[in-house]
Structure formats: C-alpha cells, structure tokens
Amino acid sequence: MNRQANSTTAKGSRAEKMAVEYLEAQNFQILEQNFYAKKMGEIDIIAQKDTLLHFIEVKSATANFDPIYNLTPRKLKKIINASYYYMKLKNIDRAFCIDAIIIRGDDIEFIENITI
C-alpha cells in the first residue's frame, strides 16, 4: 500500500473513531462498524437509540474541502440499498433512518435522516 492510501485510511479510521465516541456520548448503542454489502458498498456505523435503527455515513476531509460534498445521490442510494440488505439479512423489521456525521478537523456535525 502506498503512503497516500495509508494516510487516507488512517484519517478515515480516526474520523470513524471520533464518530463512535460522539454517538456513545449521545446514548447510541453501536451495533456494527464497517458493514460491507457486496455490490452495494459499506455502511460505516450501524447504531441504535431507543427503538430506532441508524445507518450512519461518516465523512471527513482536509480543511480546504467540505466533506459534506462527498455525500452524493449515488452514495446515498448505495447506503439505502445496503441498509435494506442489512435488515433483510438480520431479519429486522423496524423503523430506521440514514444519518451522516460530518467531521471538519475536531468539529462534529450530526445530521439525522438525510434522505428526507
């Protein structure tokens, strides 16, 4: 693996760790991380709060680029499809939403239900 990819992976891992810590502080129960659905992509964090299931995409980037722009319609469609696949696989039938955590440096923005 080249140095750039390694650095990107490390930044992504740091961002996901920050997101998990933030969610736990908000009383979310983390169910899974990095759930991979073949051909659909990956869900960064699957969490639960009360009875609602949350499928959470984590985005971070350098200071010169706002990571929210990485949440494209194509990416959202993949997350939605992967969420349905997860629920079918785990035989879950309950309310859920798709959320995003945007990390800019040390600041965390939590956006609930981004598909509305």
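Roughly how tilted is helix 73-89, in degrees to the nearest 10 and between 0 and 90, from the longest Cα axis of the chain? The helix 73-89 is inclined about 40 degrees to the chain. Over the chain, what is the relative contact order in whole percent, taking alpha-carbon pairs under 8 Å and six or more residues apart? Once divided by the residue count of the chain, the mean separation gives 23 percent. Relative to the longest principal axis of the Cα atoms of the chain, helix 3-25 runs at roughly 50 degrees.
The mean sequence separation of alpha-carbon pairs under 8 Å and at least six residues apart, normalised by the residue count of the range 32-79, gives a relative contact order of 28 percent.
When DSSP beta bridges are restricted to pairs lying wholly in the range 3-111, around 70% turn out antiparallel.
Here the chain is scanned for trypsin sites (Lys or Arg not before Pro) in DSSP loops (not H, G, I, E, B) that have at most 13 other Cβ atoms within 10 Å, and the longest stretch holding none of them is 40-89.
Please list, by residue number, everything in the range 32-64 whose backbone N is under 15 Å from a paramagnetic label point 7 Å out along Cα→Cβ of Thr72. Answer for the range 32-64: 41-42. Here are some pairs, Lys59/Lys90; Lys39/Lys75; Lys49/Lys90; Lys38/Lys75; Lys17/Lys90; which of them have Cα atoms lying more than 20 Å apart in this structure? As for pairs spanning more than 20 Å Cα to Cα, those are Lys59/Lys90; Lys17/Lys90.
Place a +1 charge on the Cβ of each Lys and Arg in the chain and a -1 charge on the Cβ of each Asp and Glu, then give the dipole magnitude about the Cα centre in debye, rounded to the nearest 20. With only Lys, Arg, Asp and Glu charged at Cβ, the dipole is about 660 debye.
Taking the number of Cβ atoms within 10 Å of each Cβ as an exposure proxy, the fewest-first ranking of Ile101, Ile108 is Ile108, Ile101.
Mind running the shape call on the range 19-116? Use the C-alpha gyration tensor, a ≥ b ≥ c as the square roots of the eigenvalues: rounded below 1.5 for a/c, prolate if a/b tops b/c, oblate otherwise. Oblate, because a/c is 1.5 or more while a/b does not exceed b/c.
Here, each number is a calculation from the coordinates, and none is a lab measurement. In this text the structure is predicted, and so the values were computed from the model without any measurement. Ideal geometry is used to build each Cβ from the backbone, glycine not excepted, and the neighbour counts take in all protein chains shown.
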